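Please treat every number below as a calculation from the coordinates, not as lab data. This structure is a prediction, so every number in the text was calculated from the model and none was measured. Heads up, the Cβs are rebuilt from the backbone with ideal geometry, glycines too, and the neighbour counts pull from every protein chain shown.
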Amino acid sequence: MSKKFRRLHEVLDYQALMRAHVPPPEYFESDYLIGPEAIEKRQLERLKKKVAAAYQVPFYKRRFDAAGFHPDQVKSLADLSRAPAYRVDDIRKSIEANPPLGDYQGASLENAAEEPLRVYMSGATTGAARPTLYTHWDREAGAILTARALYAQGIRPGDVVINAWAYSTHNGAFSMDEALHRWLSCVVLTTGTGNVTSSRRQVELARQYKATAILTTGDYLLHLADVAREMGLDPKKDFNLKALPNIGDREKLEETFGLPVYQSYGFHEVQWVAIECPARQGLHVFEDAFIAEVVDKETGEPVPEGTLGSLCITDLYKTGSSQVRYNIQDLSALMPREKCACGSWLRRIAPFAGRADNMVKLRGVNIWPEAIGEVALQDHRLENEYFVRAVRQAERDEMIAHVTTRAPASQYEEIARSTEGRLKERFGVRILVEVSAVDSLDAWTEVKTAPKPKRFKDER
Ligand SMILES: [Zn+2]
């Protein structure tokens with residue numbers, strides 16, 4: 001009987017994959033050190049194929065045509081800026097018009113038997129989760145990029161590593177898992193978050209298995225340090241850690257564990273984009289897999305090197321759902337191409353410098369204050385006013401949603417608790433709620449004095 005589908009090992013040429021995107025540790029002895037001409041020559045070859053492939057996808061075809069751009073116009077890397085950029089709103093509109101996947105995917109569920117796929121979604125924290133279809137090539141190439149980042153942080157082949165990210169519809173935990181297992185031959189303890197495996201148990205496992213890393217947010221790792229101290233342990237001496245998380249309070253983490261923190265940059269649709277090297281002079285972009293541009297946050301026009309603007313990312317590795325000029329609205333700056341103290345010519349970007357819109361990162365989760373307001377105000381007892389504050393309390397990032405009601409003060413407590421429950425269910429992280437009387441937020445929202453009410457303040 002002939003089968004009418006292809007299995008994973010039949011769809012991927014591993015030798016070709018490893019030539020296109022070299023895995024660590026070889027990467028750091030080879031591609032990481034090549035010169036500027038070689039970097040840009042390969043980028044241009046891959047870019048030409050990328051825009052041609054994107055033109056076959058309805059979302060890109062529509063946008064390219066409307067902007068008068070055709071893939072044939074790409075003769076140099078600079079020509080990329082002639083293609084229209086898009087933002088998260090454009091993806092949301094595409095999903096709304098073509099649920100559930102939108103029309104920006106370069107792969108389709110109809111062909112899943114021939115082209116094995118995975119689907120992951122951005123955190124459901126922003127109104128609507130954005131799905132991305134990943135081909136097997138995209139998963140593996142993405143895992144190689146992730147493996148490079150984990151290697152650069154200090155993880156080595158054969159290590160035992162605890163993965164305390166949430167295994168969920170988001171690809172974060174899976175990307176780390178695939179990178180560690182398939183490309184670094186590490187043993188992964190799949191603990192998941194503190195809700196799945198208690199913090200005490202995470203500490204015990206890290207000790208018993210001599211884990212060299214606990215992959216999670218910086219805040220949760222600092223919490224584990226507290227738990228370890230309660231258990232009579234010294235976080236600096238009683239663990240076998242070699243690597244720390246890429247996000248969180250750098251100073252505090254380094255002081256607590258006595259190890260360096262290396263930053264990195266990536267996002268849901270494309271996984272890992274850039275990593276910090278020991279020179280700590282910016283983040284090197286994996287230029288075999290990406291072109292990073294920085295554009296003006298208002299006009300979308302490319303800005304000069306060194307100027308702060310929105311990152312605009314084009315991937316050069318995906319065969320499924322590609323990103324061509326995705327203005328991700330994370331603020332950074334492009335540094336001039338020059339040889340770094342680490343020996344690499346790979347283009348560097350400045351570390352994450354905030355958002356061009358007002359998305360907020362809370363303990364590693366992206367949240368729009370507007371989405372918090374939308375969920376909080378579902379309680380009919382609440383007035384149509386809210387204000388969200390991000391604060392630092394007891395060495396932990398917290399978000400407080402302030403809401404108002406005409407109900408008597410005796411009900412405030414109950415309203416706050418039930419709203420907190422709804423927010424937790426929706427966003428997966430704890431968001432505190434404070435209830436107060438009608439009009440009590442006016443000084444913050446400026447609802448009676450400003451043309452557009454304010455909804456958020458970052459006080460961290
Ligand atoms: Zn460097």
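Report, in deg cm²/dmol and to the nearest 500, the calculated mean residue ellipticity at 222 nm for the chain, where each DSSP H run with n ≥ 4 adds -39500 (n - 2.57) and the sum is divided by the residue count.
-8500 deg cm²/dmol
Mind checking the dipole of the stretch 154-257: about its Cα centre, +1 per Lys or Arg Cβ, -1 per Asp or Glu Cβ, Debye to the nearest 20?
Here the size comes out at about 280 debye.
Between VAL196 and GLN15, what FRET efficiency comes out of the Förster formula 1/(1 + (r/R0)^6) with R0 = 51 Å and r the beta carbon distance, rounded to 0.05?
Computed FRET efficiency for GLN15 and VAL196: 0.85.
So for the chain: antiparallel DSSP bridges make up what percent, rounded to the nearest 5?
Among the beta bridges of the chain, antiparallel pairing accounts for roughly 70 percent.
Give me the number: length gained by fully extending LYS48 to THR307, i.e. 0.36 nm times residue separation minus the C-alpha to C-alpha distance, one decimal in nm.
Gain on stretching LYS48 to THR307: 90.5 nm.
With each pseudo-label sitting 7 Å past Cα toward Cβ, what's the ASP103-LYS4 distance in nm, one decimal?
About 2.8 nm separates the two model spin labels.
Assuming a ≥ b ≥ c are the square roots of the Cα gyration tensor eigenvalues, decide whether the stretch 22-64 counts as rounded (a/c under 1.5), prolate (otherwise, with a/b larger than b/c) or oblate.
prolate
Would you be so kind as to identify all helices of the chain, as entire DSSP H runs, whose Cα atoms reach 15 Å or more along the helix's own axis and whose mean Kyte-Doolittle hydropathy is at least -0.5?
Helices meeting the criterion: 136-153, 218-230.
Once you've got the Cα coordinates, tell me which of LYS93/LYS361; LYS210/LYS236; LYS237/LYS339 are over 25 Å apart.
LYS237/LYS339
So the label point goes 7 Å from the Cα of LYS41 along Cα→C-beta, right? Which residues of the stretch 52-75 then have their backbone N under 13 Å from it?
Output list for this probe position: empty.
Classify the stretch 360-458 from the C-alpha gyration tensor, please: rounded if a/c falls under 1.5, else prolate or oblate depending on whether a/b exceeds b/c.
Oblate, because a/c is 1.5 or more while a/b does not exceed b/c.
What FRET efficiency comes out for LYS339 versus ASP296 if R0 is 22 angstrom and r is the Cβ-Cβ distance? Round to the nearest 0.05.
For LYS339 and ASP296, the calculated efficiency is 0.20.
Is the shape of the chain rounded, prolate or oblate, going by the alpha carbon gyration tensor and its root eigenvalues a ≥ b ≥ c, with a/c under 1.5 for rounded and a/b larger than b/c for prolate?
oblate
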